[in-house]
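Below is one structure, written out as structure tokens; comments come after it.
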Amino acid sequence: MAKVYDPKNTTVIVGGVYLTGLGEDMVEVDKDEDNQEAKVGAQGDVAVARINNNLGTIKVTLLSVSPQVSMLDRLANSGKLFPISVIYAGDPKETATATEAFVKKPATRSYGKEVADREYEIQALDLKFE
């Protein structure tokens, strides 16, 4: 049976506020480092090191007319920490959450004949995938 992807099943929540007016690329979540790294010795012995870095980057794209653009700009300028959740409620259900995150900088602004996107990079300090 075929699976159906519906972008309306994706929700981004920043500090308790649901983001609306997501752009075409919506959201991307990526861990900043691998979970493990292998090292091979001169005689072929292998050791694996666990990397306990839970930093991650969440890129959120909003239409420039989204009501939350000003909120994310204020968060970027304040440096305030906030919780963030990215939830895909389709099949399979996936979540990415952080209890502490911050907006790295205000989005680049561009103006032209079409509605522009605003991309925000959010640094998640304790990113967790489920």
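Normalising by the residue count of the chain, find the relative contact order in percent from Cα pairs under 8 Å and 6+ residues apart.
Numbers: 262 pairs, mean separation 37.6, N = 130.
Value for the chain: 29 percent.
If exposed trypsin sites (Lys or Arg not before Pro) are those in a DSSP loop with at most 15 other Cβ within 10 Å, what is the longest stretch of the chain that has none?
On the way: sites that count: 3, 80, 93, 104, 109, 113.
No qualifying site falls inside 4-79, the longest such stretch.
Compute the distribution of all C-alpha to C-alpha distances in the range 1-67, in bins of 10 Å from 0, and list the percent of pairs in each, rounded to whole numbers.
Reading upward from the zero bin: 15, 30, 23, 17, 11, 3.
Please report the net charge: other residues with Cβ closer than 14 Å to the Cβ of residue 39, K and R +1, D and E -1. Please report the intermediate quantities before stating the final value.
Values: positive: 50; negative: 34, 37, 45.
Result for the neighbourhood of residue 39: -2.
Add -39500 (n - 2.57) for each DSSP H run of 4 or more in the chain, then divide by its residues: what number comes out at 222 nm, to the nearest 500 deg cm²/dmol?
Values: 1 runs with 10 residues, N = 130.
Mean residue ellipticity, 222 nm, calculated: -2500 deg cm²/dmol.
Taking 0.36 nm per residue of sequence separation and subtracting the Cα-Cα distance, how much length would be gained by fully extending the chain between residue 10 and residue 55, in nm to one decimal? Working shown, then result.
Values: separation 45, 0.36 × 45 = 16.20 nm, distance 2.18 nm.
Stretched out fully, the residue 10 to residue 55 stretch lengthens by 14.0 nm.
Hand me the chymotrypsin sites (Phe, Trp or Tyr not before Pro) from the range 1-100 located in a DSSP loop with no more than 15 other Cβ atoms within 10 Å, in residue order please.
Details: sites: 5, 18, 88; in loops: 5.
Here the sparse-neighbourhood loop sites are 5.
Just to confirm the number: angle between the C-alpha axis of helix 69-78 and the first principal axis of the chain, 0 to 90 degrees, nearest 10?
Once rounded, the angle reads 60 degrees.
What number does the range 1-114 give for Rg over Rh if you use C-alpha atoms and the Kirkwood radius?
Details: Rg = 18.4 Å, Rh = 16.7 Å.
We get a ratio of 1.10 for the range 1-114.
Readers should treat all values here as calculations from the given coordinates under stated rules, not as data from a laboratory. This structure is a prediction, so every number in the text was calculated from the model and none was measured. Note that each Cβ is placed from the backbone with ideal geometry, even for glycine, and that neighbours are counted across all protein chains shown.
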